[in-house]
Amino acid sequence: MKITAQEEYGLRCIMHLARVPFGDTVNVRQIAEYEALSVAYVEKLLYLLNRAGLTESVRGAQGGYRLAYPAEQITLRQVLDALGGVLTADSLCNQFSGDREVCVHHGGCELHSVWSFVADYLSSVFSRITLKHLAEGTARPLVPSVLSRTEQTIPLAERQPASAVQTPLEGS
């Protein structure tokens, strides 16, 4: 999975809003200065988040941006969708189709089931994590561990190069 600059910086901007009391506004210039981004770029990111209904703009002397909902009601998945979209197996497969519109392996790809699993897993994790979890640093326990070591897993330090491994036919 690749996180774009837009997704990373957009997450930083909405996290800035999540750290202030709900209903309080934050000036675009304050966010830009704190995140070391240009005002124009922060405005673009907040526009995308606003268009998705995750933030609200407030005009006037005390204006700025604020969350449209409490931080515990906005998920990481919603934010990523607003900023560019979450990885799907189909988007990945279509991205690498070679010279054709559709991948030559479409419908019979051995990798598609792996990409589907990874995409579904990430989507599930991103849907569980809220801005409140991120702001409080409590998101990690929400991520189910599917990467635990099993008997079939060989750590990199213990692996042998292919030339050093004897196959049953070679040893006979």
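Quick note: the coordinates plus some simple rules give every number you see, no bench work behind them. As the structure is a computational prediction, the values presented were derived from the model and not from experiment. Neighbour counts run over all protein chains shown; Cβ positions are idealised from the backbone, glycine included.
Converting the Cα gyration tensor eigenvalues of the stretch 5-142 into ellipsoid dimensions via √(5λ) gives semi-axes, longest first, of 34, 18, 11 Å.
Listed peptides 77-83, 3-9, 126-132 appear in the order 77-83, 126-132, 3-9 once ranked by packing, highest mean of other Cβ atoms within 10 Å at the front.
Shown in residue order for the stretch 64-73 are the 3J(HN,Hα) couplings computed by the Karplus curve 6.51 cos²θ - 1.76 cosθ + 1.60 at θ = phi - 60°: x, 10, 8, 5, 7, 9, x, 4, 6, 9 Hz (x for Gly and Pro). Of Cys13, Ser38, Gly64, whose Cα points farthest to the positive end of the dipole of the stretch 5-142 (charges on the beta-carbon: +1 Lys, Arg; -1 Asp, Glu; origin at the Cα centre)? Comparing the listed Cα positions along the dipole, Gly64 ranks first.
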